[in-house]
1. Along Cα→Cβ, 7 Å out, is where each label goes; now give me the distance between the ones at B:E431 and C:K176 in nm to one decimal.
2. Considering only C-alpha atoms, what is the centroid distance from the range C:1-61 to the range C:245-315, in Å?
3. What aspartates and glutamates does B:K90 reach when the alpha-carbon gap must be under 15 Å and sequence neighbours fewer than 8 apart in one chain are set aside?
4. Can you give me the Cα centroid spacing of the range B:383-447 and the range B:13-90 in angstrom?
5. Highest mean first, how do C:169-179, B:369-379 rank when packing is the count of other Cβ atoms within 10 Å averaged over residues?
6. So, counting K/R as plus one and D/E as minus one, what does the shell of residues with Cβ under 12 Å around C:L385 add up to?
7. HN-Hα J couplings of the range A:113-125 from phi, Karplus 6.51/-1.76/1.60, θ = phi - 60°, integer Hz, Gly and Pro as x?
8. Before anything else, pin down the relative contact order of the range C:321-545: Cα pairs under 8 Å, at least 6 apart, normalised by residue count, whole percent.
Amino acid sequence: MPLLNVLLTAAPAAASSASNYFPIGLQLLFAIGFVATMMVGTHLLGPKRRTGDKLENFASGIESHGDARQPMAIKYFLVAILFVLFDVEVIFFYPYAVNFRGLGWSGFWSVLMFVGFFAVGFFYIIKKGALQWED
Amino acid sequence: MNAIILSAIWGVVLMFCSVLIKNKGVYRHIAALGLLVILAGNIHETYHGSFFNIDTHEMLRFSRFGLFFNTILLAATLLYVLLSGRDVEKAGGYVAEYFTLIFFVLCGASILTSFNTLLMLFIGIEILSIPLYILTGSDKRNLRSNEAALKYFLMGAFSTGILLMGIALVYGGTGSFMLEVPRSAIMGGYKGVSFLEVTGLLFLLVAMSFKVSAAPFHFWTPDVYDGAPSVFTSFMATIVKAAAFAAFLKLFEARVGDTSAAVDWKLLLSIIIVSTLLIGNVTAVFQQSVKRMLAYSSIAQAGFMLFAVFSLNDVAKEGLLLYATAYSLATIGVFAVLIKMKDVTFEGFNGLARKNPVLAATTTICLLSLAGIPLTAGFFAKFSMLSAVIKTGTYTWLVVVAVLFAAVSAYYYFRVIQAMYFKEGDAQTEEVTGGFKVLLIAVAALVILFGVQPQALLNWFYF
Amino acid sequence: MSNLVFLVPLFPLLGFLINGLFRKSLSKPMIGVIGCGALLASFVVSAILFGNVAAANRLHPGQPIPATVLFDFINVSSFKIQFAFLADQLSCLFLLIITGIGFLIHLYSTSYMHEEPTEHYGRYFAYLNLFVFSMLLLVLGANYLVMFIGWEGVGLCSYLLIGFWFKNDNYNYAAKKAFVMNRIGDLGFLLAMFWLLAKLGTVDYNQVFAKTALLSKTDITAITLLFFVGAAGKSAQIPLYTWLPDAMAGPTPVSALIHAATMVTAGIYMIARSNVLYSLAECTQHVIAIIGLATALFAATIAIKQNDIKKVLAYSTVSQLGYMFLGLGVGAYTGAVFHVMTHAFFKALLFLGAGSVIHAMHHEQDIRNMGGLKKYLPKTHLTFLLGCLAIAGIPPFSGFFSKDEILAAAYAHSPIYWGIGVATAALTAFYMFRLYATTFLGNFRGTHDQQHHLHESPAAMTIPLMVLALLSVSGGFAGVPEVLGGDHQLHGWLSGVITSEKTHHLEHSTEYLLMGVSVALAVLASVFAISRYSKKPELQEATGLGKVLQNKWYIDELYDAVIVKPLLKLADVLKNVVEKSGIDGIVNGVGKFVHYSSRQLRLLQSGLVGSYILVIVLSIVVLFLVFWNQSIILQFVQKIF
């Protein structure tokens, strides 16, 4: 796309110019276009029957009542976020397990340090009582 | 390296102190001790090398400038803890954690003074920012503190997005995250400055401007500084801002300096500088609260520090060191007094000189330094910034604008002095100890020392 | 030995500091001892210096005396001014006059000012010492800058001492007048100095005089004229003379020291010092001669009708200064300096005598209320008479020789100058003896109470009178002209400094004739005055020309109407119109504008995160647009500017 480079003094060289991205762009366009076309198409073509029952939220057949936006105990969030935190970090074990032999002792010490940090954090949250459910 | 690792470790240590030690008064002593240890480690590294020998694959590079900047930041933090440590205890219930977060911020700051890839820049900025979001909201029962924290977080997240976008584009343009990429080594053999790279740098400029609260990306600053507990505002306005500037300068020196042959950044930067000076100084005039005035003044001071990024020469680097020191010293001093005030509006300062002459006198010296009156450190700081601009040879009108706005700044700084000395009133302060006064006098003495002998600081930098 | 020179001004400075700082704790005798002691010490050092110079003069005649550099005063790249003292023949002569007469007057003051409270007594002596210090700087300086420092210093002290009794508004007004008039002159001095610096890059006497060839005719004329403006201010010449009579508001010894013997002769000193420059500027010399002559005549006419004893002496001083300028103008520099010296003796004597009279009369200064004081104040009377004889130019008293020298030089220049000069001399003799006769002869006309208290002054006052009387009588023998069988020692003494003296050769017969005429006129006038005023002094209000003279030709009123009033009007306009609505308007307007924009800019901070982010995004877009189009923007900006 030489037009965009007009202001730059150096002329674009062919090798790494933006034109290399052309196929990607094309694919992107195609993807968006396809999705859009399909959505608009179904919307226009599909039959519509608006009844009260159909507009109800479907909750496995149980009748819904009240608003979902209600105050909830912060503990749920706390536990959830801690779970996410540790859960995500555990993911590092998978690549380590795969490369266990190749990384050797240095890899072992590194992971041990990593686990150590973990343990420290875990110790801290337990000591702070973050996981204590009952007040 | 010492500073990064030691401050992270000391943060963890303090974290556990909260579990193990119940006496809240001890934490600040531990923090001060830790700062001394880190400071010693950092100075040791400056002259003799690091305690730790870790191969960072050139992702961090410890230059003299960065290490010296660390020293300044650590010394400023030490001063801050000594002056205002007692007030940290009053900010909320989790005293040790606040200190922990301060240490984590320092860890991020030390990364920002030594990063060598854009990834480390990103990590540094995040490590720096996230603790600040929490510190801002530390006064949990106070709605304004909560609001400030949320605003800070939202807008910080937004700017992080821009930062990442910029990093991605720069990577796209050059094929490398490294700070200094030889033109010949750019992926694909493209020797010029590509559109992607320049756009990426523009985004980086915007993100960094956000972090240093340059206009028009400053909007978070007044609300956050005003809403956060004063004691943390003091920290954010000084040490954090100085660290962000170090990163800004480092980034631009390498990346923008590299492209400046092809692209002229000066116009854009001058627009940002002028609007920062304008908004910071002019808006500060109308404020009724000294705290909020100081928030705007910190924007105005950022405008001055941006001259270092603007001129990108040796004078600018020295100037930034001087400016960071002068500004941090003076602001920590003023905030230390402000925290002790019962009423932080201008009226609250009425008649302080009669009630507590030491506080009034030291505050006056600090304010004079902020205004850039000769014989204070602020004068030489401003002077070296302006001479850096003059040295670039272009855009000398910026100097005129800067001086004009410095004149405006004198107005609102002198309002405080006027309130303290020339207005009748009954300024209410909390109890201040003798040690606090001695420290304040030491701050004022340093301000004057660096104002008379700015070389004292710079000589240290070179030897 | 020449290093002693710094001691000369040091003593009075120390005296000033001690008396000034500890005036509340020192006793009166102590203050007097310190004040007089400083001067005496200074006088001794001056005498030693004088001896040194004399010795050097004998050993190496014609060799210039080197300056003593104390330190570099201003040293900026090539621009360098040293703080240096030059104690040569001219300076040494003035040193002796200043410290010698200064000491006598200090001594006199210890008694005269004795009624003052201790604190003010100390203040008085501190000021007096400071004055002497400044005056010594003035004459000792080896360049115009040091001279200027002294020049300003004496102006300041004069101001302080005229307004010494600051509780009287009129005195303060007189002090202000003196200061302002002097400042006008100082401006001329400064400009001349700047001119010299601009053209020659130096204000050092030796260098300036050596480099005169580099100056164009215009330069020299302008510089000398500007210096003369300074001299006219300090030495009370037309048109800047009106401050001197008013300066009589100060204590009488001050009038004697500052406004008769020393400070007012600074202008003569300066021009004599710069004689090399002046002799190159013919035009300026004419101006000086004419102004000097006019001042001499003009002041003499006024003096005839004054009834305040000090005012008469003041106008007489102005008139005598006019004489000196006449001498300078016709190139008789030595004559002028000679007259400075003799005038210092007899005018100090006359003032101190007047002070003694005033002291005896309990601060009565109007001569119409005196008379017949001869028998009450014998010592004062005798010395005063000697002073009158000296100033009237009766041989062999000192005034005769110096005045005669100037008149002879004037005659050589133009007989008209001589004619006016002699007329003035006759007037001088007339008003002096009118004063003498009205004061000392006839019957006492004061109140009974005053008569009861009439007494001769104490020794501290009469001794200086006697010493000065002796000097007034004999001082003239330092310059006995050739024609009377003398060898004019002063002339030889000053020849090293005053190198451009205009020599004139008059026939001896002509000189005898000139002397004869002037002496005869003076004697006649004196006798006439004594006979007219000793029996029935004029007590009623003057009318006609007399009234005009009594009111000093209405010059003060003229200045008031022509200069002061319009200036005040202008100041009024500037204050009320330009200052209030113009400058204040601009200043306040800027402040208001900043305040206003502050109020508006503050509104940007709405507190809503959404709007913040919107503004940020918009700014990013704008910045990007600016960035990518900056070449167009810059071109546009360049087109505008």
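Read the figures in this text as sums done on the coordinates, not as results from a lab. Note that this is a predicted model, so its numbers are computed, not measured. Cβ coordinates were reconstructed from backbone atoms using ideal geometry, including for glycine residues, and neighbour counts include every protein chain displayed.
1. The answer from the label model is 5.8 nm.
2. Using only Cα atoms, the two centres lie 27 Å from each other.
3. Partners within reach: B:D139, B:E430, B:E431.
4. 28
5. For the peptides C:169-179, B:369-379, the packing ranking is B:369-379, C:169-179.
6. +2
7. 4, 4, 5, x, 4, 3, 4, 4, x, 5, 4, 4, 5
8. Numbers: 326 pairs, mean separation 72.1, N = 225.
Here the relative contact order equals 32 percent.
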